[in-house]
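**Student:** Please see the structure below; I have some questions.
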Amino acid sequence: MTSRTSTLARTGFALVVLFSALIALASLRFLFGVEPPEPVFANRFLPGWFPLHVAAATVALTLGPFQFVRRLRVGVPKVHRWTGRAYAVACLLGGTAGFAMALGASTGPISQAGFALLALGWLGCTAQGWRMALQGRHATAHRDWMIRSFALTFAAVMLRIYLPITQAIGLPFEESYRVIAWACWVPNLLVAEIILARTRPRRRALPA
Ligand code: HEM
């Protein structure tokens, strides 16, 4: 890696940590009695699932970025293992609740399908990442699936970046929301695949 790409990668990672923390922190308000915005409030599956979704997803968003810090992973592997388990459990609970809520999204079948596929992808990538860790395939398959898992966790941040932009430029809310139900995660997965393709040879050479 040249020093320019390494500065870029560090800056990108710092932004990921910052935005994840901000969205996680902001989401906590819904656990303290604040009602979600109108289209989410109208979700017919909100009552049973919303608190679980927000609580679990907040944990996933907060812990996720730190799992990629090599110094922590190699220096204190016990911490990486326990925070990894907490991250995976949080994704599985948050994803199950997210899937249920996806089916009740008030903006119709396009957003329902977008959120439901996101939830299934989140569950699948996380479960696969956990399974690969249990099999000891740390430097390869485990990292690949966890990078995909976090790319999907980060959909929560992208949704909350895209939505205010569409509103600021005057696009109609419902149509924008339907597009964003897909746009908040499909490009993230593509970026994850680009990162994986670029770093795979280097990561294969590293110790687990
Ligand atoms: C990545 C998988 C995720 C899926 C499938 C998912 C799914 C959903 C769905 C379906 C809704 C309701 C949308 C509607 O009714 O129109 C929702 C709302 C919400 N989700 Fe998630 N979500 C995910 C990740 C996250 C994460 C990581 C957080 C972070 C804390 C989060 C926090 C929230 C919050 C706060 C709301 C409601 C209020 C708002 O829109 O700000 N979600 N989610």
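Coordinate-derived values only; no laboratory data. As the structure is a prediction and not an experimental result, all values here were calculated from the model. Cβ sites come from the backbone with ideal geometry, for glycine too, and all protein chains shown count toward neighbours.
**Student:** If you take the residues in segment 39-48 that are assigned to a helix (DSSP H, G or I) and out of contact with any helix residue (DSSP H, G or I) (no Cβ under 8 Å at 6 or more places or on another chain), which one is nearest to the ligand (Cβ to nearest atom)?
**Tutor:** By that ranking, first place goes to Phe41.
**Student:** Of Pro51, Pro36, Pro65, which residue is over 24 Å from Asn188 (Cα atoms), touching a residue at least 12 places away in the same chain (Cβ under 8 Å) and either in a helix (DSSP H, G or I) or more than 9 Å from the ligand (Cβ to nearest atom) (or both)?
**Tutor:** Pro51
**Student:** Separate question: Are any residues in segment 128-138 touching a helix residue (DSSP H, G or I) at 6+ places or on another chain (Cβ under 6 Å) and hydrophobic (A, V, I, L, M, F, W, C), and if so, which ones?
**Tutor:** Trp130, Met132, Ala133
**Student:** Restrict the check to segment 76-86 and report whether at least one residue is part of a helix (DSSP H, G or I), over 25 Å from Ser176 (Cα atoms) and among the hydroxyl-bearing types (Ser, Thr, Tyr). Full working, then the answer.
**Tutor:** The initial filter retains those residues of segment 76-86 that are part of a helix (DSSP H, G or I), namely 77-86.
Imposing the further condition that a residue be over 25 Å from Ser176 (Cα atoms) reduces the set to 77-86.
In the following step, the residues that additionally are among the hydroxyl-bearing types (Ser, Thr, Tyr) were identified as 83.
The answer is yes; a qualifying residue exists.
**Student:** So which of Gly108, Gly124, Gly136 is more than 16 Å from the ligand (Cβ to nearest atom), more than 21 Å from Ala26 (Cα to Cα) and among the small types (Gly, Ala, Ser)? Give the steps one after another, and end with the answer.
**Tutor:** Values: Gly108 fails: more than 16 Å from the ligand (Cβ to nearest atom); Gly124 fails: more than 16 Å from the ligand (Cβ to nearest atom).
Going through Gly108, Gly124, Gly136 in turn, just one is more than 16 Å from the ligand (Cβ to nearest atom), more than 21 Å from Ala26 (Cα to Cα) and among the small types (Gly, Ala, Ser): Gly136.
**Student:** Tell me whether segment 140-153 contains one or more residues that are of a type in the set (Ser, Thr, Tyr), crowded, with 21+ Cβ neighbours inside 10 Å, under 24 Å from Ala86 (Cβ atoms) and free of Cβ contacts under 8 Å to residues at least 40 places away in the same chain.
**Tutor:** No, that holds for no residue.
**Student:** Before we move on, is Ala21 within 18 Å of Trp145 (Cβ to Cβ), surrounded by 12 or more Cβ atoms within 10 Å (Cβ to Cβ) and more than 8 Å from the ligand (Cβ to nearest atom)?
**Tutor:** no
**Student:** Checking the conditions here, which among Arg71, Arg29 is within 11 Å of the ligand (Cβ to nearest atom) and among the basic types (Lys, Arg)?
**Tutor:** Values: Arg71 fails: within 11 Å of the ligand (Cβ to nearest atom).
Unique residue meeting the criteria: Arg29.
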